[in-house]
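A short reminder: the numbers here are calculations on the coordinates, not readings from a lab. Keep in mind it's a predicted model, so treat the numbers as computed, not measured. FYI the Cβ positions are ideal-geometry reconstructions off the backbone, even for glycines, and counts take in every protein chain you see.
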Amino acid sequence: MSIEVKNITKFYKDQKALNNVSFSIKKGEIVGFLGPNGAGKSTMMKIITGFITPSEGDVLVCDYNIKTNKLNVQKHIGYFPEHNPLYLEMYVKEYLLFNASIYKIPKIEVEKIIKKVGLTSEADKKIKQLSKGYRQRVGLAAALLHNPDVLILDEPTTGLDPNQLIEIRSLIKEIGKNKTVLFSTHIMQEVDAICNRVILINKGQIIADENLVELKKNQEQIIEVEFDFRIEKQFIKTIPNLKSADNIHDTSWILTFNTTKDMRPAVFDFAHDNGLKTLKINTKNKNLESLFQELIPN
Ligand code: ADP
Ligand code: MG
């Protein structure tokens, strides 16, 4: 495993920012760490990278325990912290050379990284002269300098304009081809664009951990509906695209359709045509959007 998080709890004074969080990430996965502001994403990432200590639990990175072997963990981890702190007065190359010297990394690596993240044209500019998108690249370059196996990226796309977004996303995807990446965001579409797995966190707890490929393959639509009268299953079966119908309670049904097209209008039509009233109707699709909607109601 590249990352193993085991029963991590973190208190800031009396406030529980993380509540018994566990997950593990295999080598080569690109995982989106998705949750609203204040969910605990940055706290979790600071614990994985060894910048703060958990109140309870353990974290292993490339099989090294962060508590007992922090130095080895940090050798294997590249960290792009939230807000991407940079020395604005420094020149891009100077800044990266400075970082390289701390880790005793040969200068030639700096040249390679500059090319890899697409900073060649900006290498001799002051960081403060750069656009936000290019500044994010400098932060990514700094995180990549020591060629870590695991990358922890804390909201690397926040504050970018749409073009910069596309560029940074494809850069992360490219980097992720031979590294393990955990990357946080509060934007659902971002996860869709970059990741093959999503871990959803809310109020310090993991509320879903899903393989996106599986989620996307799942072309079903589930609707829960309550009518004002009991009806026979054979009538329900006249609704188009229906795969199965379960009478869960009295006048309530769970309908499963073999399409992702919104079938609620068809259910309303069915009720109307049969002189029924629809008392309640809910879609219960298991896709990223519905998971996210459950997490953050509007
Ligand atoms: P996210 O990155 O998902 O927005 P954070 O991990 O930054 O969430 O914060 C989780 C919770 O912990 C929030 O309620 C936040 O206010 C609190 N918190 C974060 N850092 C500190 C800190 N250094 N001291 C006290 N509370 C903190
Ligand atoms: Mg954060």
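In loop segments of region 3-67 as defined by DSSP, the trypsin sites (Lys or Arg not before Pro) with at most 10 further C-beta atoms inside 10 Å of their C-beta are LYS13.
Sorting ILE231, ILE201 from the fewest to the most surrounding beta carbons within 10 angstrom yields ILE231, ILE201. Restricting to the chain, compute how many DSSP beta bridges are antiparallel as a %, nearest 5. Counting DSSP beta bridges with both partners in the chain, the antiparallel share is about 70 percent. Modelled label positions at GLU56 and GLU82, each set 7 Å beyond Cα in the direction of Cβ, lie 2.3 nm from each other.
Each of LEU279, LEU71, LEU160 was scored by other Cβ atoms within 10 Å of its Cβ. Listed from fewest to most, they are LEU71, LEU279, LEU160. Taking each DSSP H run with n ≥ 4 as -39500 (n - 2.57) and averaging over every residue of the chain yields -9000 deg cm²/dmol at 222 nm.
Taking all Cα pairs closer than 8 Å and separated by 6 or more residues, the relative contact order of region 144-298 comes to 21 percent.
For region 163-238, averaging the sequence separation of C-alpha pairs within contact (under 8 Å, six or more residues apart) and dividing by the residue count gives a relative contact order of 17 percent. For the chain, the relative contact order comes to 19 percent (Cα pairs under 8 Å, sequence separation of at least 6). Of the trypsin sites (Lys or Arg not before Pro) in region 145-228, the ones in a loop by DSSP (not H, G, I, E or B) with at most 15 other beta carbons within 10 Å are LYS177, LYS203. Each Lys and Arg contributes +1 and each Asp and Glu -1, all at the Cβ; summed about the Cα centre of the chain, the dipole is approximately 960 debye. Helix 162-175 and the longest principal axis of the Cα set of the chain meet at an angle near 80°. Computed from Cα atoms, the angle from the helix 264-273 axis to the main principal axis of the chain rounds to 10 degrees. Summing +1 for each Lys or Arg and -1 for each Asp or Glu among the other residues whose beta-carbon sits under 14 angstrom from that of ILE231 gives -2.
Compared with the alpha-carbon gap, the fully stretched path from LYS233 to LYS280 is longer by 15.1 nm at 0.36 nm per residue. GNM remark for the chain: springs join alpha carbons under 10 Å apart, and the peak mean-square fluctuation among ASP149, ASP246, ASP58 falls on ASP246. Find, among the chymotrypsin sites (Phe, Trp or Tyr not before Pro) in region 63-140, those assigned to loop by DSSP (not H, G, I, E, B) with at most 15 other beta-carbon atoms within 10 angstrom. Loop-located and lightly packed - TYR87, TYR103.
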